[in-house]
1. Taking Cα pairs under 8 Å and at least six residues apart, what relative contact order does the chain come out at, in percent?
2. From Cα pairs below 8 angstrom and at least 6 apart in sequence, can you work out the relative contact order of region 44-97, rounded to a whole percent?
3. Tabulate in residue order the Karplus-calculated ³J(HN,Hα) for region 62-67, using 6.51 cos²θ - 1.76 cosθ + 1.60 with θ = phi - 60°, rounded to whole Hz; enter x for Gly and Pro.
4. Taking the chain as a Gaussian network, where each spring joins two C-alpha atoms under 10 Å apart, which residue of ARG80, ARG68, ARG53 fluctuates the most?
5. Work out the FRET efficiency for ASP63 and ILE8 from their Cβ-Cβ distance, taking R0 = 41 Å, and round it to the nearest 0.05.
6. Just from its helices, what would the mean residue ellipticity at 222 nm be for the chain, if runs of 4 or more DSSP H residues each count -39500 (n - 2.57) and the sum is divided by every residue, rounded to the nearest 500 deg cm²/dmol?
7. Can you tell which of HIS39, THR65, THR50 lies farthest toward the positive end of the dipole of region 25-95, using +1 and -1 charges on the Cβ of basic and acidic side chains (Lys, Arg; Asp, Glu)?
8. Would you mind checking which residues have amide H under 5 Å from LEU52's amide H? H placed 1.01 Å from N; only 5 or more apart, or other chain.
Amino acid sequence: MPITVIEIETPPIITCATCQACCCQLEVLLITETGVPDHFIQHQDDSVSTMLRLDDGWCAALDRTSMRCTIYELRPLICREFEMSSDECIDERDAYGL
């Protein structure tokens, strides 16, 4: 009797070493105070502030060499809640073809 092999899709293993920081190209609304330095904040009007993104679309707080956050301990709440290798992370990586 033949054995049926079932392939199970496993999510990619994502660590700090393999992260491509795709989430650092998303718009980040600042909805709580975490101490983000003002030079990393884009003040759009009196009620809305976002993380500043540079002309290349990447967050201004991202170190382009290491692809790590330079204000990690002060990062916005949404960045704290966006978990590495979560479904949202995988979706963003897929959108960038990673």
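1. In percent, rounded to a whole number, it is 32.
2. Worked out over region 44-97, it gives 13 percent.
3. 7, 7, 5, 6, 8, 6
4. For the chain, modelled as a Gaussian network with Cα springs under 10 Å, the answer is ARG80.
5. That gives a FRET efficiency of 0.70.
6. Using -39500 (n - 2.57) per qualifying helix, the result is -3500 deg cm²/dmol.
7. Farthest along the dipole direction, towards plus: THR65.
8. Close amide H contacts, sequence-distant or interchain: ILE41, GLN42, ALA60.
None of the figures in this text is laboratory data; all of them are computed from the coordinates on show. Keep in mind that this is a model prediction, so the values were computed, not measured. Ideal geometry is used to build each Cβ from the backbone, glycine not excepted, and the neighbour counts take in all protein chains shown.
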